[in-house]
Structure formats: C-alpha cells, structure tokens
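A short write-up of the structure that comes next.
Any read-out appearing in this document is the output of simple, stated calculations on the displayed coordinates, not a laboratory observation. A quick note: this is a predicted structure, and the numbers were derived from the prediction, not measured. Cβ placement follows ideal geometry from the backbone for every residue including glycine, while neighbour counts extend to all protein chains displayed.
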Amino acid sequence: LKHDVGELEKQAAEWRRKIEIQVMERNRTRQLLKSVTTMAASNGVPVHTANTTGSSR
C-alpha cells in the first residue's frame, strides 16, 4: 500500500508540473498576442485577433 501511495504521489507531482507548464505557455502566448496587438495599434494597423479564451488543443 505504501508503494502504491508513493507511485500516486509521483504521478500527482508530474501532473502538477504539466499543468504549471501549460499555464505558463498560455500566459506567454496571451502576453505575446497583447504585445503584437499593441504594437500594431500604435502603428495604425487594424488588428483582427481570434478568440484567445478557448483552448487550441
């Protein structure tokens, strides 16, 4: 039983890390889109962006 608990704890830690990575990637993508939109708007370029609230995966 202790072995099973240890394995489940390892799996939980791996999933937590995967979630952290996905959140960081999502935030980085959103920040990049905001930066591009801001740059384009400051140059007078009309910007049409897709809905970024949904997941692309």
(message) Suppose the chain between Gln22 and Leu1 were pulled fully straight at 0.36 nm per residue; how much longer would it get relative to their current alpha carbon spacing?
(response) 4.4 nm
(message) Need one number: the % of Cα-Cα pairs in segment 1-42 sitting beyond the 11 Å mark.
(response) 69
(request) Starting from the Cα of Lys2, draw a straight line to each of the lysines and keep only those under 19 Å, dropping any in the same chain fewer than 8 residues away. (result) Lys10
(message) Please list, in order along segment 20-29, the HN-Hα scalar couplings obtained from phi with the Karplus expression 6.51 cos²θ - 1.76 cosθ + 1.60 (θ = phi - 60°), rounded to whole Hz, x for Gly and Pro.
(response) 4, 5, 4, 5, 4, 5, 5, 5, 5, 5
(request) Using label points projected 7 Å from each Cα along Cα→Cβ, tell me how many nm separate Leu8 and Ser42, to one decimal. (result) 5.2
